[in-house]
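Read through the structure below, which is laid out as structure tokens, and then see the notes.
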Amino acid sequence: MPEPMTVSFPPAFLWGAATSAYQIEGAVREDGRTPSIWDTFSHTPGRTAGGDTGDVAVDHYHRYRDDVALMAELGLNAYRFSVSWPRVQPTGRGPAVQVGLDFYRRLVDELLSHGIKPALTLYHWDLPQELEDAGGWPERDTALRFAEYAQLVGEALGDRVEQWTTLNEPWCSAFLGYSSGVHAPGRTEPQAALRAAHHLNLAHGLAMQALRSVLPARASVAVSLNSQVIRPLSQDPADLAAAQRIDDLANGVFHGPMLQGAYPATLLEATSSVTDWSFVLDKDLADIKQPLDALGLNYYTPVLVSSPERAPEGPRADGHGTSEHSPWPGSDDVAFHQTPGDRTEMGWTIDPDGLHELIMRYSRLAPGVPLYVTENGAAYPDKVDGDGRVHDPERIAYLHAHLATVHRALADGADVRGYYLWSLMDNFEWAYGYAKRFGAIYVDYETLERTPKSSAHWYGKAARSGQLPPVDAL
Ligand code: PNW
């Protein structure tokens, strides 16, 4: 099918970029901030590549004005960031720390004064260490604490932030944090991971209610899921069953209770050897299923699975790091395959159709709920020229291809309101440390100087015109 000459997006479409607190802020010991589970984890030998930590990160805490100015110069009209819980409520309990809140108030005001819409995420993985010491997400109390924290931030910033998100990618928090252990807090307890998933769901539902009680009616409250596109290797019933299993553990475990008011029966059955789910109280399901004002989808790559009979040779290929512990409780009999095609530096196969598929699926699952692509992007080892320019044609091609499928989803009737590129700038890529660069803006880790890559200029052009420029237009 030939590409149309111009690919135009709706005038109100949000062209944003995303970051998260621990990945960019640094200043981890300033203004009363206490350690989060990521400080502890990154300071534990062997947990992150090169022993990298977010101690300094890209020093956004001190350079946020310059960073906002760069966004404005490029022409972005939205910015998705997260609030560091231990900066605002250091022990995870009690009153808020005013200086902590003030940082985010200044950041938001800076964005608004440049005409950039702030989209605030309350939790992007930096749980106060004290709450982990008390048991962390596997414990019900953590959900109650999160609702209180949400209310504090809502009270402080509700007058100026319209777009709110409770959790970012609870799948990663639960299953990479507590089952495979490649993310903080690095535990490898499959049963605890399922408990964590439930208490993250509960945290979302209770926080939605707390936010509604303090935010003005115009506020929009959402959640961002890394809803994964799960593909069976073949239509063989055994492969389809494997795909169902993984889809339940990737997606249904969150969208079931959030959108449909129940955990999928197939999930409860498939995990019965791991847990009896007795930590789910009757009342929880009503608390979790709160009407959403919007739904955020983060997309990078699909997952290809089969029954064990068709397992590939060699190490696991589920794209989730190199732990010998699986992030998929009760699924040792599922085989993971490398999806065919070109890959980014993460080893993640580039598959733009997956994003279209994901958007159309959630359009059906959440009818009437506006959708946002809250993360999409690629890591590449970018080429820095002698003239100080940074060229990343692969990233431009990646963004072009994925935005084109977003456009196709719009044409197919999906209500997509915006797109946030991951990430605004190079940053601390969790267990991979600074070795993987996702930014549209290059960061020199010696000087912390920022240089927009060619993709940033390309994306800015798209944002300013509301159309996709050709991949070679700069
Ligand atoms: C997301 N996986 O993380 C996060 O929201 C970002 O903070 C992160 O930098 C970005 O994607 C790129 O990795 C993910 O293993 C981490 O499936 C791991 C997975 C998915 C998303």
| said: Sort 380-387, 178-185 by the packing proxy (mean of other Cβ within 10 Å over each peptide's residues), most packed first. | reply: 178-185, 380-387
| query | Relative contact order for segment 257-368: what is it in percent, counting Cα pairs under 8 Å that are at least 6 residues apart? | reply | 27 percent
| note | Sorted on mean Cβ neighbours within 10 Å (highest first), peptides 141-147, 411-417 come out as 141-147, 411-417
| task | Among DSSP beta bridges whose residues both lie in the chain, state the antiparallel percentage, nearest 5. | result | 25 percent
| request: Provide the gained length on full extension for the span L240 to Q209, in nm with one decimal, where the gain is 0.36 nm per separating residue minus the Cα-Cα distance. | output: 7.4 nm
| query | Which whole-number percent gives the relative contact order of segment 1-125, counting Cα pairs below 8 Å spaced six or more residues apart? | reply | 31 percent
| said: Counting other beta carbons within 10 Å of each residue's own, what order do R364, R33 fall into, fewest first? | reply: R364, R33
| Kyte-Doolittle mean at least 1.6 and Cα extent at least 30 Å along the axis: which DSSP H helices of the chain qualify? | none
| field | Debye, to nearest 20: dipole size of the chain, +1 on Lys, Arg Cβ, -1 on Asp, Glu Cβ | value | 1020 debye
| message | Can you classify segment 14-465 as rounded, prolate or oblate using the Cα gyration tensor, where a ≥ b ≥ c are the square roots of its eigenvalues, rounded means a/c under 1.5, and otherwise it's prolate if a/b beats b/c and oblate if not? | response | rounded
| Stretch R364-T188 to full length: gain in nm at 0.36 nm per residue minus the Cα-Cα span? | 59.9 nm
| field | Sequence-separation-based contact order of the chain, relative, with Cα cut under 8 Å and 6+ spacing, percent | value | 18 percent
| field | Cα-based Rg / Dmax (Å) for segment 319-432 | value | 16.9, 53
| query | In sequence order, what are the phi-derived ³J(HN,Hα) couplings for segment 217-230 according to the Karplus relation 6.51 cos²θ - 1.76 cosθ + 1.60 with θ = phi - 60°, rounded to whole Hz, with x for glycine and proline? | reply | 4, 6, 5, 10, 10, 9, 9, 10, 9, 8, 4, 9, 8, 9
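Only the coordinates and a few stated rules stand behind these numbers; no lab work does. All values reported here derive from a predicted model rather than from experimental measurement. FYI the Cβ positions are ideal-geometry reconstructions off the backbone, even for glycines, and counts take in every protein chain you see.
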